[in-house]
Amino acid sequence: MIKKGTSKAAAMKEETTAAQESLPAFTKQQFLESKLFTAQQKDLLSALLQDEETYTTDQVKQQIEQYLKKAVE
């Protein structure tokens, strides 16, 4: 629902944030032990993720994708 005086983009961002907060989040170690990712992806995750943080599966997939699309320097 869009609040009065709120732009459509801001309202969509609020809805997305609320939806992400309701998704299950996992630790770095849980992702490294899962069967969801390949060994190569797990190598990336071990470098990209922080030990004390939790992440949703979508966040982790997005981080892998961003890393792989990153320009080589």
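Brief remarks on what is shown
- Some residue of region 43-59 being assigned to a helix (DSSP H, G or I), modelled with pLDDT of 95 or more and open to solvent by 90 Å² or more (accessible area, probe 1.4 Å): yes
- Test result for A25, modelled with pLDDT under 95 and not aromatic (F, W, Y): no
The values are calculated or read from the model by the stated rules, or taken from the named source; none is laboratory data. Keep in mind the model is a prediction, meaning the values are calculated, not measured. Accessible surface is based on the protein model in full, side chains and every heavy atom, while ligands, DNA and RNA are left aside. Shrake-Rupley method; radii C 1.70, N 1.55, O 1.52, S 1.80 Å.
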